[in-house]
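One structure is given below, encoded as structure tokens.
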Amino acid sequence: MGEPEQETVRLTAWVRGRVQGVGFRWWVRSRALELGLAGSATNLSDGRVEVVAEGARERCERLLELLEGDEPGGVPGRPGKVTGVALRWSEPRGEAAGFLER
């Protein structure tokens, strides 16, 4: 049995705020690739961005921290403004290779 922090998970996060048309998906993709995660960042018709990431739980949790960061002015370098994040943890599907902007 592997160490718990190496558990592979799927994070789906719906990010609200000023997150479309500001380079947010590109920024998410860059952070996810730095963390070695696979998945996608997709603009939704209601103005949110859906982020799907698969990989080690601790790396997905770090990406979530970057998405949710609520320091004054947000996370340094993060474009736009995040006002909230809804999320769901699930079993990985292994369907993604790399990290896509949609």
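The values are calculated or read from the model by the stated rules, or taken from the named source; none is laboratory data. Owing to the predicted nature of the structure, the values given are computational and were not obtained by experimental measurement. Please note: Cβ atoms are built from the backbone with ideal geometry, for glycine as well, and neighbour counts cover all protein chains shown. Quick note on the areas: whole protein, heavy atoms, side chains included, nothing else; ligands and nucleic acids left out. Shrake-Rupley method; radii C 1.70, N 1.55, O 1.52, S 1.80 Å.
Brief remarks on what is shown
- Residue pairs whose Cβ atoms lie under 6 Å apart, separated by 6 or more positions or on different chains, with the first residue in the stretch 76-92 and outside any strand (DSSP E or B) and the second open to solvent by 50 Å² or more (accessible area, probe 1.4 Å) and not aliphatic (A, V, I, L, M), are Gly80/Arg18; Pro92/Thr8.
- The stretch 83-94, residues that are surrounded by 11 or more Cβ atoms within 10 Å (Cβ to Cβ), modelled with pLDDT under 95 and more than 14 Å from Val19 (Cβ to Cβ): Pro92
- Residues of the stretch 32-65 satisfying the condition of being more than 17 Å from Val9 (Cα to Cα) and in contact with a helix residue (DSSP H, G or I) (Cβ under 9 Å, 6 or more places away or on another chain): Thr42, Asn43, Val49
- One residue stands out among those in the stretch 57-82 that are more than 16 Å from Trp27 (Cβ to Cβ) and not charged (D, E, K, R): the one that is modelled with the highest pLDDT, which is Cys60.
- Residue satisfying condition, being free of Cβ contacts under 8 Å to residues at least 40 places away in the same chain and of a type in the set (A, V, I, L, M, F, W, C), within set Leu37, Leu44, Leu64: Leu44
- Conditions (1) part of a helix (DSSP H, G or I); (2) free of Cβ contacts under 8 Å to residues at least 24 places away in the same chain; (3) not basic (Lys, Arg); number of the one not met by Glu95: (1)
Residue by residue, here is whether (1) within 15 Å of Gly77 (Cα to Cα); (2) among the basic types (Lys, Arg) holds:
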{"position": "Leu11", "(1), (2)": "no, no"}
{"position": "Arg18", "(1), (2)": "yes, yes"}
{"position": "Gly21", "(1), (2)": "no, no"}
{"position": "Arg31", "(1), (2)": "yes, yes"}
{"position": "Asn43", "(1), (2)": "no, no"}
{"position": "Asp46", "(1), (2)": "no, no"}
{"position": "Leu67", "(1), (2)": "yes, no"}
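- Selection status of Gly98, open to solvent by less than 70 Å² (accessible area, probe 1.4 Å) and at pLDDT below 95: yes
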